[in-house]
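Read through the structure below, which is laid out as structure tokens, and then see the notes.
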Amino acid sequence: MQPSSIAASVDFDRDGIQHGFLKMPFSRDDSAWGAVMIPITVVRNGSGPTVLFTGGNHGDEYEGPIALFDLAATLRAEEINGRAIIVPAMNYPAFEVGRRTSPIDGGNLNRVFPGRPDGTVTEKIADYFQRHLLPLADIVVDIHSGGRTLDFLPFAAIHVLDDAVQQERCRAAMAAFNAPYSLTLVELHSVGMYDSAAEEMGKVFVSTELGGGGGASAGTVAIAKRGVRNVLRHAGILAGDIEGGPSVKLDMPDPRCYVTSESNGLLEMCADLGVSVRAGQVIARVHPADRTGVAPVDYHAGIDGVLAGRHFPGLVKMGDFLALVAVVAP
Ligand code: ZN
């Protein structure tokens with residue numbers, strides 16, 4: 001296999017704390033011999049387990065970058081046993097411009113795994129994680145939020161996996177993250193996802209959706225900051241007990257959880273996040289925005305559950321995700 005064009009300025013096997021970059025040469029009009037510089041921190045002390053933390057997989061989601069820039073600045077090597085690899089803004093070109101996808105190649109990093117060493121900038125980032133960073137990790141935590149177009153209840157999530165032992169280890173790590181909600185889901189389109197790449201390698205993988213709307217609140221940032229340290233405690237890397245209260249378990253049993261818009265117009269949500277809904281209940285209406293006197297189109301919950309996600313902006317288009325209804329599990 002072709003070598004990666006990315007070089008890390010940190011030594012993953014050295015004890016202590018190192019702040020550096022994943023550096024990828026990127027020649028372009030405004031910087032002929034320039035490079036993409038992705039910030040990375042490695043904190044290591046001894047031969048304990050490794051947690052790989054990532055945020056900014058999508059560039060318009062902020063709880064992950066805030067919590068991970070903070071963790072990188074505050075975690076001390078003396079207080080750990082093992083290693084934390086921290087990449088606060090994984091798709092750095094997208095993060096720099098506050099967009100979900102890369103402004104360089106349009107790449108959605110969470111859809112191009114395993115990537116290519118000779119591919120686009122986004123594919124090269126994926127390839128580096130696939131072949132160089134994921135193999136180093138025992139536990140992988142990838143912090144997402146809704147970004148500019150979605151909003152979610154704050155949840156940590158794992159996938160239903162073929163390997164029951166691996167799934168149980170993921171579940172335990174999700175419980176340790178201790179978001180207010182913990183969701184077990186069947187992924188509908190897992191091809192190309194970072195999640196799938198890590199899971200297929202046998203890693204313990206936890207992702208999150210901690211809010212949305214293209215910003216971050218004090219509450220959701222606090223959940224992320226607490227969650228990353230809780231996972232380090234769970235792994236035995238950091239001493240101390242898991243912090244936080246009970247987490248509501250949610251399931252997404254089938255595709256009826258998702259409601260998709262089949263019309264264009266003005267979105268009126270009829271239920272807010274966290275509210276219980278019944279199958280058949282109107283949860284959203286889309287009003288035609290180009291004329292008066294036309295009735296809105298009603299959208300119904302497909303199952304009984306709790307409203308766990310929604311379209312964020314005020315206008316909606318045909319094909320947009322409208323709402324997610326999750327089932328509260330015992
Ligand atoms: Zn995301």
Total residues in the range 282-309, condition open to solvent by 60 Å² or more (accessible area, probe 1.4 Å), more than 28 Å from the chain's Cα centre (by Cα) and not aliphatic (A, V, I, L, M): 6
Close pairs (6 angstrom Cβ cut-off, 6 or more residues apart or separate chains): open to solvent by 90 Å² or more (accessible area, probe 1.4 Å) in the range 237-258, assigned to a loop (DSSP other than H, G, I, E, B) anywhere: 249/329; 256/302; 256/303
Selection from the range 132-172 of residues that are of a type outside the set (A, V, I, L, M, F, W, C), away from the ligand (no atom under 16 Å from the Cβ) and open to solvent by less than 30 Å² (accessible area, probe 1.4 Å): 166
Cβ-Cβ under 6 Å pairs, at least 6 apart or on other chains, the range 135-150 side over 21 Å from residue 183 (Cα atoms) and touching a residue at least 12 places away in the same chain (Cβ under 8 Å), far side outside any strand (DSSP E or B) and within 15 Å of the ligand (Cβ to nearest atom): 148/60; 148/214
Residues of the range 261-280 satisfying the condition of being of a type outside the set (A, V, I, L, M) and surrounded by 14 or more Cβ atoms within 10 Å (Cβ to Cβ): 261, 263, 264, 265, 268, 270
Cβ pairs under 7 Å, 6+ apart, first in the range 95-121 and open to solvent by 60 Å² or more (accessible area, probe 1.4 Å), second modelled with pLDDT under 95: 118/2
Subset of the range 186-213 [open to solvent by less than 40 Å² (accessible area, probe 1.4 Å) and either among the aliphatic types (A, V, I, L, M) or assigned to a loop (DSSP other than H, G, I, E, B) (or both)]: 192, 193, 197, 198, 202, 203, 204, 206, 210, 211, 212, 213
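The values are calculated or read from the model by the stated rules, or taken from the named source; none is laboratory data. Computed from a predicted model, the values in this text were never measured in an experiment. Cβ atoms come from the backbone with ideal geometry, glycine included; neighbour counts cover every protein chain shown. Only protein heavy atoms, including side chains, enter the accessible area calculation; ligands, DNA and RNA are left aside. Shrake-Rupley method; radii C 1.70, N 1.55, O 1.52, S 1.80 Å.
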